[in-house]
1. Rounded to a whole number, what % of the accessible area of the chain do carbon and sulfur atoms account for, probe 1.4 Å?
2. If you stretched the chain out fully between ILE68 and VAL97, how much longer would it get, using 0.36 nm times the residue separation minus the C-alpha to C-alpha distance?
3. Calculate, for ALA28 and ARG49, the FRET efficiency according to 1/(1 + (r/R0)^6) with r their C-beta to C-beta distance and R0 25 Å; round to the nearest 0.05.
4. Which whole-number percent gives the relative contact order of segment 4-115, counting Cα pairs below 8 Å spaced six or more residues apart?
5. Ordered by packing density, taken as the mean number of other Cβ atoms within 10 Å over each peptide's residues, highest first, how do 91-104, 47-60 rank?
6. Enter the mean projected area of the convex hull around the alpha-carbon atoms of the chain, in nm², rounded to one decimal.
7. Please give the per residue accessible area of segment 1-75, computed with a probe of 1.4 Å over protein heavy atoms only, in Å².
8. Take each complete run of DSSP H in the chain, measure how far its Cα atoms stretch along the helix's own axis, and keep only those covering 27 Å or more with mean Kyte-Doolittle hydropathy at least 1.6; list them.
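The values are calculated or read from the model by the stated rules, or taken from the named source; none is laboratory data. Please read these numbers as outputs of a predicted model, since none were measured by experiment. As a convention, Cβ positions derive from the backbone with ideal geometry for all residues, glycine included, and neighbour counts pool all protein chains shown. Note: areas computed on protein heavy atoms with side chains; ligands, DNA, RNA excluded. Shrake-Rupley method; radii C 1.70, N 1.55, O 1.52, S 1.80 Å.
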Amino acid sequence: TGGSLLAAFGMLLITVVPIWQLTLFGYALVGAGCSNVVPILYSAVGRQRYMPEHLAVSAITTLGYSGILAGPAVLGFNAQITDLSLTLAIVGGLLAVVSVMGMLIPATLLQNRSS
């Protein structure tokens, strides 16, 4: 939750502030905020009870690779239609949604296996 909020703040900094040093700092915040998402996600896969682990790991990996492949194309398409700043602001908004989802999911899905 904190990492995605940090990344969302970094994206806000990137899209709003025209000073290149602060923009570079914004990209560093995005990297620092997003760097813990995958390890936490794979850790959560092992603790959830709704799906066998081998299927859950496959599902998470498929979603991740789909995002890696489709993300740049979708962002480029959206930037061509609208504006790059607006597109990056949308990414920041989506990172804020990730933060909200991070607050909702642990209560319902990520219960300890020993319980």
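1. 76 percent
2. The span from ILE68 to VAL97 would gain 8.6 nm if fully extended.
3. Result of the calculation: an efficiency of 0.10.
4. Once normalised by length, the contact order is 39 percent.
5. The packing order, highest mean first, is 91-104, 47-60.
6. Taking a quarter of the hull surface, the average projection is 7.8 nm².
7. 65 Å²
8. Qualifying helices: 84-108.
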